[in-house]
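Read the structure below first, then the notes.
Values in this text are rule-based calculations from the coordinates and carry no lab data. Every value quoted in this text rests on a predicted model; they were computed, and no experiment measured them. Ideal geometry is used to build each Cβ from the backbone, glycine not excepted, and the neighbour counts take in all protein chains shown.
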Amino acid sequence: MVKRLRKVEAVADETRKQEGPAGRDGVDGKDGRDGTDGKDGRDGVDGKDGRDGTDGKDGRDGIDGKDGRDGIDGKDGRDGIDGKDGRDGIDGKDGQAPDHQWDGTKLRFKNPNGKWGKFTNLKGDKGSDGGTVVVRTGGGSGGSLGNLLPGTGNVEPAGVAVLQGGQWVNLPWSAFITVISGAIDMGVDYARREDFVGETTLYRGEAAPGALDSAAVWKIKRVEFLPDGDVLTKFAGGAADFVNVWNDRTTLEYV
């Protein structure tokens, strides 16, 4: 009996645990009324502005510092090594006398273009001082000019007799050619200057026509007539360049 009662109770408990059918939804309640806004609080009283603070006094200037001592001068650097002397240039070949022709007392030279220049009569008018030039082709028969043998036009002279410094001297033929070559028209249009210094030195310059003697545009050479009859020609600065001043001809270095 008890077992049966317990069994019924168990079935009843199980039945109670099962969900029953859903009930109907209830009716929604009405919205409640909005609450009344509270009143704004009163603004607080503004505080008074504080007084400005007093400016501080300027500080005293600091003392200037002492100047520093001058630094010690550096030692002089050692002198550089002298460069080696350059090698001497090779001496140029001796120039040859230009080709020339005689016709009595007339002389002409061959131009660089191969053509002959005009004959120039070397016999000038006899001056009051007896400045005669005699072409010598052989020995003389006496000490006076009147006793000299006459010259010929088919033998090259060995020298010429000229009046220098008030006396007659025998000027070697090479020296004579050097003296007159600058005055003969060689087909080159240069302005020329010549200056005899004593009886043994001749300065000769060439430049473009119209060149000033003070302009550095001259080619200058010095011709020296040596006692043995040789002629020595040197150029200013050692080169035949148109870079010298004619007015400085006696102080230039000739090589």
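Tabulated values for the structure
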item: Reach of Lys106 by Cα under 27 Å, taken over lysines that are not fewer than 8 positions away in the same chain; result: Lys115, Lys118, Lys123, Lys126, Lys221
item: Estimated distance in nm for a label pair at Asp43 and Ile90, the labels positioned 7 Å out from Cα along Cα-to-Cβ; result: 11.5 nm
item: Inter-site label distance for Arg192 and Ala158 at 7 Å from Cα along Cβ, in nm; result: 2.8 nm
